[in-house]
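Everything below concerns the one structure shown next.
Here, each number is a calculation from the coordinates, and none is a lab measurement. The structure presented is a predicted model; accordingly, all values stated were derived computationally and were not measured. Here the Cβ positions follow ideal geometry from the backbone for every residue, glycine too, while neighbour counts run over all protein chains shown.
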Amino acid sequence: KAGVTQTPRYLIKTRGQQVTLSCSPISGHRSVSWYQQTPGQGLQFLFEYFSETQRNKGNFPGRFSGRQFSNSRSEMNVSTLELGDSALYLCASSSGQANWWYFGPGTRLTVT
Amino acid sequence: GENVEQHPSTLSVQEGDSAVIKCTYSDSASNYFPWYKQELGKRPQLIIDIRSNVGEKKDQRIAVTLNKTAKHFSLHITETQPEDSAVYFCAAIKESGGYQKVTFGIGTKLQVIP
């Protein structure tokens with residue numbers, strides 16, 4: 001099976017802009033979660049979707065939002081970008097069995 | 001909410017020595033504890049996991065131990081090799097009614113010196 005894919009892999013935006021990141025889970029996986037990874041904060045949980053419903057949400061401001069489509073693909077949106085949003089954004093998918101989460105390669109977002 | 005503390009943040013060992021990374025969690029309802037390895041520039045990958053009804057699990061050179069009473073779990077790597085150099089993340093997962101709440105530790109950068 002193909003692994004988790006994320007697009008784009010790299011992105012440069014300026015402050016105040018908005019950005020949409022995409023994640024395609026492993027075929028058959030219905031759960032998708034998103035994480036922000038920064039050198040100082042490690043992996044921080046953003047949100048998790050299952051069957052188009054947000055099941056869990058981390059402690060991030062409302063500028064961070066997401067959604068999941070009927071084919072389980074997920075998008076994450078960040079509005080009014082700030083310099084501190086520069087990070088690697090990882091998504092992971094799971095079939096729900098055994099709790100195994102498989103990570104995508106990430107999208108490296110740089111905000112200038 | 002759950003809080004996971006991971007120590008140390010960096011660890012250097014000589015090739016062949018053992019490495020131990022420790023994590024503590026705060027929510028006694030967490031019941032699944034995976035460990036991920038992230039090599040430089042690559043995605044995190046699951047390397048071993050343990051459930052709350054098990055005290056120890058081993059897979060070749062890596063092992064994980066869990067102390068539910070003390071709410072801590074550890075990753076042990078024996079006979080370390082240069083390819084073990086990576087950042088290791090622990091996580092605590094609480095499963096409830098089909099929902100999962102995942103909290104990661106901050107990561108440990110392991111360097112194995114040849």
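A few comments on the model shown:
- In the protein assembly as shown, a dipole from Cβ-located charges (positive for Lys and Arg, negative for Asp and Glu) runs towards its positive end, and of A:Tyr49, B:Ser52, B:Ile62 it is A:Tyr49 whose Cα lies farthest in that direction.
- Using only side-chain charges placed at the Cβ, +1 for Lys and Arg and -1 for Asp and Glu, the dipole size of the protein assembly as shown relative to its Cα centre rounds to 580 debye.
- When the Cα positions of A:Gln68, A:Trp34, A:Ile12 are compared along the charge dipole of segment A:9-112, A:Ile12 comes out farthest toward the positive end, with charges on each C-beta of Lys, Arg, Asp and Glu.
- Summing Cβ point charges (Lys, Arg +1; Asp, Glu -1) relative to the Cα centre of chain A gives a dipole of roughly 120 debye.
- Geometric descriptor of segment B:37-106, per residue, is 110 Å³ (volume of the convex hull of the Cα atoms).
- About the centre of its Cα atoms, segment B:10-102 shows a dipole size close to 440 debye [charges on the beta carbon of Lys, Arg (+1) and Asp, Glu (-1) only; nearest 20 debye].
- Charge-dipole axis of the protein assembly as shown as Lys and Arg at +1 and Asp and Glu at -1 on Cβ define it, positive-most pick from B:Ser30, B:Ile77, B:Phe89: B:Ser30
- Look at where the Cα atoms of segment B:1-45 and of segment A:14-68 average out, and the two centres are 22 Å apart.
- Of A:Ser95, A:Ser24, A:Ser70, the one that fluctuates the most in a GNM where chain A has Cα springs shorter than 10 Å: A:Ser70
- Antiparallel DSSP beta bridges within the protein assembly as shown, as percent of all bridges there, nearest 5: 90
- Cα shape, chain A, gyration tensor, a/c 1.5 rule: prolate
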